[in-house]
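Here's the structure we're looking at; comments come further down.
What follows draws every value from the coordinates through simple rules; no lab data is involved. Predicted, not measured: the structure shown is a model, and the values here were computed from it. Because the Cβ atoms are built from the backbone with ideal geometry, glycine has one as well, and the counts that use them run over all protein chains shown.
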Amino acid sequence: MKTLTYIHKIQAKLSIPIHKKTRNLLEGNYKSIYQGKSLNFENLREYTINDDYKDIDWKSSARSGNLLVKQFIAEKKHNVLLILDTGLKMEAVTDELENKKDLATFIAGTIGYLAINNKDKVAMIYQKEKLEWKPWKENLYALEEYLSDYNHNMPKENYSIEKTLQEVVKNIQERKVIFIITDLAGLNLIEKKTLQALKQTSDIFLICIKDHEMHGENIWDVTDEKQIPEFFLKDEQLKEIEEKIKSEFWQKKKRNLKRLKINSVMIHKEEEINEKIIKLLEG
């Protein structure tokens, strides 16, 4: 019997009120790519001034003596695609000293868990030595396997999440809800035209993982595999400049995403995943 190591940890951190709220938000936030009427007819109700006259059921109206319209229900199942950044940079830590790869795993796991409990299908895609595609599934054992495969054997090279997104544009045509999980460096690589292409068939949400600042003590650069000089780490002026540049960059990217109708949040630590996912879905 397979164990649900990641799933059990996610379940333990999801309180009932948070679970209910995110489920309601998920149901309400997946609708923009599914505009138009579902083929699922539910019942008849009386006509109101805002109804489309094409929905009037003339035969039923004649029998009842009242003007009746057909009421449709939205399709409940959705395809939720988790796109995760990879590479050596994901072995670095956040400003809260949490491993970025582990944080990405639990962000993806939380979203996947909520989606599956909402009776949606979940898939995952990321780049390692080759492009890893984890197909649409709607059970927690598959999600556990996806999370474990992502978290283990992270490559020592850095890959471009932009190329992964381009592959999604070319090869995954299903209507879907996309959650992109990256960091500031990855966000900087994502091109506007790629997001616009994805928007043709997708609702998109973006989660940015916060990097550790280059100040403090004993900070190691995982990309260059060297210790950052102490004189640089202790310079208060450089600290302020770095914080200002990163903050302005994030705010600019956030505004640009909003213009594309893409909600985004930044996550610093595992403890705030639930709160930030709610904020992401609320917009």
Pop a pseudo-label 7 angstrom from the Cα along the beta-carbon direction at both residue 64 and residue 259 and give the gap in nm to one decimal.
4.8 nm
So if each residue of separation counts as 0.36 nm, and I subtract the Cα-Cα distance between residue 99 and residue 170, what length gain in nm does that give?
22.4 nm
Looking at this model, which pairs from 9/176; 156/276; 128/156; 119/176 are more than 21 angstrom apart at the alpha-carbon?
9/176; 156/276
Using a 10 Å cut-off around each Cβ, can you sort 97, 131, 280 from fewest to most neighbouring Cβ atoms?
97, 131, 280
Under the 0.36 nm per residue contour assumption, what length would be gained going from the current alpha-carbon distance of residue 163 and residue 13 to full extension?
50.7 nm
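Report the extension gain between residue 249 and residue 46 in nm, rounded to one decimal, defined as 0.36 nm multiplied by the number of residues separating them, less their alpha carbon distance.
Full extension from residue 249 to residue 46 adds 67.9 nm.
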If I take R0 = 25 Å and measure r between the Cβ atoms of residue 129 and residue 271 in this structure, what FRET efficiency does the formula 1/(1 + (r/R0)^6) give, to the nearest 0.05?
0.15
Taking 35 Å as R0, compute the FRET efficiency from the Cβ-Cβ separation of residue 149 and residue 55 and round it to 0.05.
0.15
